[in-house]
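Read through the structure below, which is laid out as structure tokens, and then see the notes.
The values are calculated or read from the model by the stated rules, or taken from the named source; none is laboratory data. Remember, predicted model here, so these are calculated numbers, not experimental data. Cβ placement follows ideal geometry from the backbone for every residue including glycine, while neighbour counts extend to all protein chains displayed.
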Amino acid sequence: MDPNAIQGNASDPRQVKRAGRIERERAEDEASDLRKVLNTPEGMRFVWLLLGDTGALTGSVYHDNPYRMAAVAGVLEHGRKLQARIERADPEALFRMMRLHRDRERREQEQADAVKPAELVAD
């Protein structure tokens with residue numbers, strides 16, 4: 001028997017019930033942990049970075065090399081799983097992350113524009 005198994009005998013109703021309870025508790029703990037991370041700006045920025053690294057924000061897997069395309073698709077699958085976990089834990093979190101990212105990009109653009117000569121900014 002697998003030492004990591006939460007159920008030893010699938011025909012034992014008590015073990016099945018216990019395993020179901022353990023799975024639900026694990027899922028709720030995971031969702032709770034994720035909500036805590038997503039309730040901080042730092043956590044949202046980091047998770048956004050992870051989603052971007054996986055390609056989950058763009059969704060494109062096309063590549064000339066089929067082996068590379070398969071690898072990219074595998075990474076994308078992880079990103080989509082993370083995205084699904086986020087949506088289950090906190091349905092509004094992705095929207096908050098998008099707004100945080102957009103606001104940060106605007107702020108950085110404004111800072112970059114502030115150091116340009118005035119005649120270049122007007123273009």
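Only one of L34, L57 is touching a helix residue (DSSP H, G or I) at 6+ places or on another chain (Cβ under 7 Å) and in contact (Cβ under 8 Å) with a residue 24 or more places away in the chain. Can you tell me which?
Working: L57 fails: in contact (Cβ under 8 Å) with a residue 24 or more places away in the chain.
From the options L34, L57, the qualifying one is L34.
Based on what the data block shows, is R68 assigned to a helix (DSSP H, G or I), modelled with pLDDT of 90 or more and of a type in the set (D, E, K, R)? So that I can check it myself, show each step before the final result.
Numbers: assigned to a helix (DSSP H, G or I): yes; modelled with pLDDT of 90 or more: no; of a type in the set (D, E, K, R): yes.
For R68, the condition - assigned to a helix (DSSP H, G or I), modelled with pLDDT of 90 or more and of a type in the set (D, E, K, R) - is not met.
For region 64-121, give me each residue that is hydrophobic (A, V, I, L, M, F, W, C), more than 18 Å from T40 (Cβ to Cβ) and surrounded by 10 or more Cβ atoms within 10 Å (Cβ to Cβ). Show your work before the answer.
Step one: list which residues in region 64-121 are hydrophobic (A, V, I, L, M, F, W, C), which gives 69-73, 75-76, 82, 84, 86, 89, 93-95, 97-98, 100, 112, 114-115, 118, 120-121.
Add one more test, that the residue is more than 18 Å from T40 (Cβ to Cβ), and what stays is 69-73, 75-76, 84, 112, 114-115, 118, 120-121.
Once the filter is applied, which keeps residues that are hydrophobic (A, V, I, L, M, F, W, C), more than 18 Å from T40 (Cβ to Cβ) and surrounded by 10 or more Cβ atoms within 10 Å (Cβ to Cβ), region 64-121 yields M69, A70, A71, V72, A73, V75, L76, A84, A112, V121.
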